[in-house]
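Below is one structure, written out as structure tokens, with a few remarks after it.
The values are calculated or read from the model by the stated rules, or taken from the named source; none is laboratory data. As the structure is a computational prediction, the values presented were derived from the model and not from experiment. Neighbour counts are summed over all protein chains in view; Cβ atoms, including those assigned to glycine, are modelled from backbone coordinates with ideal geometry.
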Amino acid sequence: CSEYDSHDEL
Amino acid sequence: MNIFRLAGDISHLLAIFILLIKIWRSRSCAGISGKSQVLFGMVFLTRYLDLFTSFISVYNTVMKVIFILATLVTIYLVFFKFRATYDSNNDTFRAELLVIPIAGLAVLVNHEFSLFEILWTFSIYLESVSIMPQLYMISKTGEAETITSHYLFALGLYRGLYIVNWVWRYYTEQFYDWIAIVAGVVQTLLYCDFFYLYITKVIKGKEMSLPA
């Protein structure tokens with residue numbers, strides 16, 4: 001899973 | 001989550017509520033750029049589409065919903081409820097000159113060519129310059145109410161704290177997202193002039209006026 005798959009920041 | 005990001009989010013939340021309270025208490029949106037608020041509305045609506053597709057945490061979901069709703073309420077107050085006080089003659093920044101090239105850039109430079117990813121990228125690029133109509137308005141009128149400058153300070157501080165958060169995350173998690181970092185640095189740089197004036201004038205209790 002690439003780092004940008006989940007944009008966990010707001 | 002680390003302390004820098006949490007502080008950044010709180011600063012962001014504070015900025016939005018300072019603005020809402022200012023407008024509500026004074027029953028006026030004088031000195032506020034409706035165009036900047038519409039751009040922020042576009043930023044939140046395009047970025048937080050993932051509310052429907054991925055769950056990250058209760059904190060994440062609640063904050064996203066608050067940001068969207070609070071910004072929509074602000075837009076409503078400026079353009080409907082207190083429209084008579086909206087200083088549209090000084091809110092003349094050509095916002096479409098930001099939105100159109102940024103939409104093009106988001107299509108060309110992104111992490112992945114998919115609709116949600118392009119919309120996320122668009123929102124990150126757009127956020128970095130969304131304050132420009134507000135800064136333009138202040139430079140045009142040459143003044144900002146003290147509470148408006150508190151709003152701008154909290155809003156600028158938010159992205160500055162995010163930069164510290166990204167440095168922290170790079171060293172602790174080897175996580176970095178260069179699109180967010182580059183846009184976040186641009187966004188923070190836009191506030192530098194303002195930070196200087198805020199520290200030298202507002203903190204000493206003077207009204208803020210910009211040199212023409």
Query raised in the report: Could we say that B:G156 is modelled with pLDDT of 90 or more, in contact with a Lys or Arg (Cβ under 6 Å, 6 or more places away or on another chain) and closer than 18 Å to B:L126 by Cα here?
Result: no
**Report entry** Residues being over 19 Å from the mean Cα position of the chain (by Cα) and acidic (D, E) - total across region B:1-49
**Finding:** 0
Requested in this report: Taking the options B:V78, B:V73, name whichever one is at pLDDT 95 or above, in contact with a Cys (Cβ under 9 Å, 6 or more places away or on another chain), more than 21 Å from B:G8 (Cβ to Cβ) and assigned to a helix (DSSP H, G or I).
Outcome: B:V78
Report summary line: Per the filter on region B:45-66, residues within 18 Å of B:F116 (Cβ to Cβ) and within 9 Å of chain A (Cβ to nearest Cβ) are B:R47, B:Y48, B:D50, B:S54, B:I56, B:N60, B:K64
Query - Set B:Y136, B:Y151, B:Y171: member being among the hydroxyl-bearing types (S, T, Y), more than 14 Å from chain A (Cβ to nearest Cβ) and without any contact (Cβ under 8 Å) to a residue 24 or more places away in the chain - result: B:Y171
Report task. Working only within region B:1-42, note down all residues that are in a helix (DSSP H, G or I), more than 14 Å from chain A (Cβ to nearest Cβ) and hydrophobic (A, V, I, L, M, F, W, C). Result -> B:I3, B:F17, B:I18, B:L19, B:L20, B:I21, B:I23, B:W24, B:V38, B:L39, B:M42
Requested in this report: Identify the single condition in (1) β-branched (V, I, T); (2) in contact (Cβ under 8 Å) with a residue 60 or more places away in the chain; (3) crowded, with 20+ Cβ neighbours inside 10 Å that B:I18 does not satisfy, given that it satisfies every other one.
Outcome: (3)
Report summary line: Okay, helices (runs of 4 or more DSSP H) sitting entirely in region B:140-212 with 1 or more residues that are of a type outside the set (K, R) and in contact with a His (Cβ under 7 Å, 6 or more places away or on another chain), I get B:146-173, B:178-190
